[in-house]
Structure formats: C-alpha cells, structure tokens
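The values are calculated or read from the model by the stated rules, or taken from the named source; none is laboratory data. Just so you know, these numbers come straight off a predicted model, no measurement behind them. Counting neighbours? That spans all protein chains shown, and the Cβs are built from the backbone with ideal geometry, glycine included. Calculation scope for accessible area: heavy atoms of the full protein, side chains included, ligands and nucleic acids excluded. Shrake-Rupley method; radii C 1.70, N 1.55, O 1.52, S 1.80 Å.
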Amino acid sequence: MVNIIVDNREISVEEGVPLLAACLENGIDIPNLCWMEGMGEPWAACRLCFVEIEGEKQPVTSCTVLTRSDMVVRTDTPAVRALQQSALALLLSVHHVDCKNCHANRKCALQDLARRLKVSLKPKHLENYLKPVERDETHPSLVYFPNRCVLCGKCIHVCRNLHGQPLISFARRGFDTIVSFQGDDTVFNAECTSCGACAAVCPVGALATKEMLNGL
Ligand code: SF4
Ligand code: SF4
Ligand code: FES
C-alpha cells in the first residue's frame, strides 16, 4: 500500500493500480464512462476521467495512470472540468437525445454526467451528427441504438468474461463505429445465448433486451 493525496485528503491505496479505481474505491467520484474493474488495458475512449497530478504539465486520464507513492492529485480544477465538459459535449454531438422515449431515462449515465458537469444534454453551440440507422432489431432478443451508443466497450467486456470470447465487437471506424454481434454490419451472432448481460451493463440506452423495451 502507498499513501497518496487526493483533493487534500490522504488515502492509502494499493500501489500500481489505476488511479481512477483507487479513487472510486475511496469514495472520490471522478466522472467516467469507459472504465470497468477487470477490463485489462484501459480503453480510455471517453476522455472524461481527467485529473491533475502535481508534476505533470497537463491533466491526465486517471484510468491510464497507475498509483505510486506520494502522488498529489486534484480532481476538481477548472482545467479538469473544462476537459470533461468538452468530452461530454462531443459525445452528445453524436447522440440522439430523446430521453422521454428511451428506456434508460432517469437511470442514464449521460444524464447524470450532464447534471454533474453542468452541460446541456443538447448543447446549442454544437452540430448534431447522427448515424442513418436509428434502431437495429435484427437480433432475436436484443435491440441496438447506434445513436445512443457512447462506445464505452462495457458490453464487449462482460460478453468476453461470460463466454470466454467476445461475441460482440466494435465494427467500422471513426464516426461510423458501432457495436456489432458479428463483426460487420448486422447485429446477430448465432452463438449468442441471449443472456442479456450486455444490455444490463450498458450505462446508457444503447443496448436493450426486447423485454426491456416493452411499452416503448
Ligand atoms: S441514452 Fe440517456 S441521454 Fe440518451 S436518450 Fe436515453 S436517457 Fe436520454
Ligand atoms: S452498447 Fe452500451 S455498453 Fe455497449 S459500447 Fe455502446 S454504450 Fe457501451
Ligand atoms: S474512464 Fe478514463 S477515459 Fe474513459
């Protein structure tokens, strides 16, 4: 164990673990979307978990930094908040915000982050770019909403953990990236057991079992 200081509070943490994990375990809530315990190498896609560390010139993503003795960390500086607000606004610029028709309404990580970071769910200064397919229902038991997906990778991670190999993966590139059950454009893999674990872990309303959508 080593001692580090976060927001003027000294905490004792395991050495060499992701700083984000150490902070969360100690009740220090750093915004994050794409990090999950046991995920292996952090995917670091959401760019939300920034902190400032004494001695570093710029804020760093706390999921990719490992704890070491005597670190002095700040989680709530103007520079950190500005980066988090930009990252969230960017995610929202490719998101179809339609909360009243979404099964994740009121339990959605994006809604929580927007509230916390004081970012509008529909930022006025940003164009909204949406993918052409709003809803993919080709899977027998799951529905995928590309324009709600924040590409956090959590569904892929739980699928890999449960089945030894991921039956879901990211497909395509850049703005067109989607979660696919086949590695290409269609959302179906015959080996999928329809366990629903991927839908359960989705932090937003991007993946749902057809059951979860009853009434919507
Ligand atoms: S995923 Fe969240 S922010 Fe997006 S429409 Fe659903 S509830 Fe609203
Ligand atoms: S479907 Fe949900 S869990 Fe999977 S990458 Fe998209 S937002 Fe994350
Ligand atoms: S949680 Fe660190 S970049 Fe997403």
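Is it true that some residue in region 141-149 is in the same structural domain as GLY205 (by TED's automatic domain parsing), at pLDDT 90 or above and within 16 Å of ligand 3 (Cβ to nearest atom)?
Yes; the residues of region 141-149 include at least one that is in the same structural domain as GLY205 (by TED's automatic domain parsing), at pLDDT 90 or above and within 16 Å of ligand 3 (Cβ to nearest atom).
Need pairs with beta-carbon distance below 7 Å; first residue on the phi < 0 side of the Ramachandran plot and within region 90-119, second near ligand 1 (Cβ under 10 Å from one of its atoms) and open to solvent by 80 Å² or more (accessible area, probe 1.4 Å); sequence gap 6+ or separate chains.
Correct list of pairs: VAL97/LYS122.
Determine which single condition VAL94 fails, assuming it passes every other condition in (1) open to solvent by 10 Å² or more (accessible area, probe 1.4 Å); (2) touching a Pro at 6+ places or on another chain (Cβ under 7 Å).
If we test VAL94 against (1) open to solvent by 10 Å² or more (accessible area, probe 1.4 Å); (2) touching a Pro at 6+ places or on another chain (Cβ under 7 Å), just (2) comes out false.
Checking the condition loosely packed, with under 12 Cβ neighbours inside 10 Å, farther than 16 Å from THR77 by Cα and touching a residue at least 24 places away in the same chain (Cβ under 8 Å), which residue from GLY27, GLY16 passes?
Working: GLY27 fails: touching a residue at least 24 places away in the same chain (Cβ under 8 Å).
Result: GLY16 is the single residue among GLY27, GLY16 that is loosely packed, with under 12 Cβ neighbours inside 10 Å, farther than 16 Å from THR77 by Cα and touching a residue at least 24 places away in the same chain (Cβ under 8 Å).
State the number of residues belonging to region 30-50 that are surrounded by fewer than 18 Cβ atoms within 10 Å (Cβ to Cβ) and more than 9 Å from ligand 3 (Cβ to nearest atom).
4
For region 116-160, which positions are charged (D, E, K, R) and within 15 Å of ligand 2 (Cβ to nearest atom)?
LYS131, GLU134, ARG135, ASP136, GLU137, ARG148, LYS154, ARG160
Keeping to region 30-50, report how many residues are more than 16 Å from ligand 2 (Cβ to nearest atom) and touching a residue at least 40 places away in the same chain (Cβ under 8 Å).
1
One residue is enough: does region 118-140 have a residue meeting the conditions within 8 Å of ligand 1 (Cβ to nearest atom) and assigned to a helix (DSSP H, G or I)? Working first, answer last.
First pass over region 118-140, keeping only residues within 8 Å of ligand 1 (Cβ to nearest atom): 121.
Within this subset, residues satisfying the condition of being assigned to a helix (DSSP H, G or I) are none.
Looking through region 118-140, none of the residues is within 8 Å of ligand 1 (Cβ to nearest atom) and assigned to a helix (DSSP H, G or I).
Just to be sure, is LEU66 modelled with pLDDT of 95 or more and within 30 Å of GLU211 (Cβ to Cβ)?
no
Output the qualifying pairs, or none if there are none: Cβ atoms under 7 angstrom, residues six or more apart or on different chains, first residue in region 191-208 and farther than 13 Å from ASN161 by Cα and near ligand 2 (Cβ under 10 Å from one of its atoms), second residue open to solvent by 30 Å² or more (accessible area, probe 1.4 Å) and aliphatic (A, V, I, L, M).
Filtered contacts from region 191-208: ALA199/MET212.
For LYS107, indicate whether it is open to solvent by 60 Å² or more (accessible area, probe 1.4 Å) and within 15 Å of ligand 2 (Cβ to nearest atom).
Against the criterion (open to solvent by 60 Å² or more (accessible area, probe 1.4 Å) and within 15 Å of ligand 2 (Cβ to nearest atom)), LYS107 qualifies.
Yes or no: region 101-115 includes at least one residue that is closer than 18 Å to ALA206 by Cα, small (Gly, Ala, Ser) and touching a helix residue (DSSP H, G or I) at 6+ places or on another chain (Cβ under 7 Å).
Yes - at least one qualifying residue is present in region 101-115.
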